[in-house]
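Structure, as structure tokens:
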Amino acid sequence: MSIFGVGLRLALYTGLYMFLMFVISFVFKDLFHFDLTLTMTYAICFWLFIGNVAFIISVYSLLTKFYDGELITDGIFKYSRNPLYASFIIFIAPSITALSGSFTLITTPIFMYFVFKHLIKSEEHDLSEAFGEDYEKYRKKTPLLLLF
């Protein structure tokens, strides 16, 4: 079991998709572009800030406990089994793509979520094998991302 989990594959697939959406957005600029108001920009930046804070807290928790070989179920992991992925899928990716002003790029977090749902099965299997009943109890009471 790697500290990166399925993150590298998720980043690769999402990056390729995002590149494709960028090309489509660039080619059909007039069709897929939208303008942001100042209020929208502030709201998006605040959402991005929340995501970055959640990401930093998640990374810190993971780095301080992963190599001890213990199941992390406290702190931010009490609210999500995958807070690093949650911070990207729910906060960071939507914020960055919304700031681009492109309708095609805004589809990236949706794509990312579906790829995540597919890839996470192998990570959940590895965690179940490594931690057994403790992980199964944790899995039953803690959401995969945040509320779902």
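The values are calculated or read from the model by the stated rules, or taken from the named source; none is laboratory data. The structure presented is a predicted model; accordingly, all values stated were derived computationally and were not measured. With ideal geometry, Cβ positions are generated from the backbone for all residues, glycine too; neighbour counts draw on all protein chains shown.
The table below lists the values:
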| item | result |
| --- | --- |
| Region 1-53, residues that are under 18 Å from PHE77 (Cβ atoms), modelled with pLDDT under 95 and of a type in the set (A, V, I, L, M, F, W, C) | MET1, ILE3, PHE4, VAL6 |
| Any helices (runs of 4 or more DSSP H) falling wholly within region 25-132 and containing at least 2 residues that are more than 24 Å from SER2 (Cα to Cα) and aliphatic (A, V, I, L, M) | 38-65, 93-99 |
| Condition met for GLY101 (touching a strand residue (DSSP E or B) at 6+ places or on another chain (Cβ under 6 Å) and either at pLDDT 95 or above or not polar (S, T, N, Q) (or both)) | yes |
| Of residues in region 72-100 being surrounded by fewer than 17 Cβ atoms within 10 Å (Cβ to Cβ) and over 16 Å from the mean Cα position of the chain (by Cα), the one nearest to LYS137 (Cα to Cα) | THR73 |
| PHE19 in a helix (DSSP H, G or I) and touching a Ser or Thr at 6+ places or on another chain (Cβ under 9 Å) | no |
| Considering residues of region 120-130 that are surrounded by fewer than 18 Cβ atoms within 10 Å (Cβ to Cβ) and not charged (D, E, K, R) only, the residue farthest from ILE89 (Cα to Cα) | ALA130 |
| Top-ranked residue of region 13-38 - restricted to ones that are of a type outside the set (A, V, I, L, M) and touching a helix residue (DSSP H, G or I) at 6+ places or on another chain (Cβ under 6 Å), ranked as farthest from MET112 (Cα to Cα) | PHE32 |
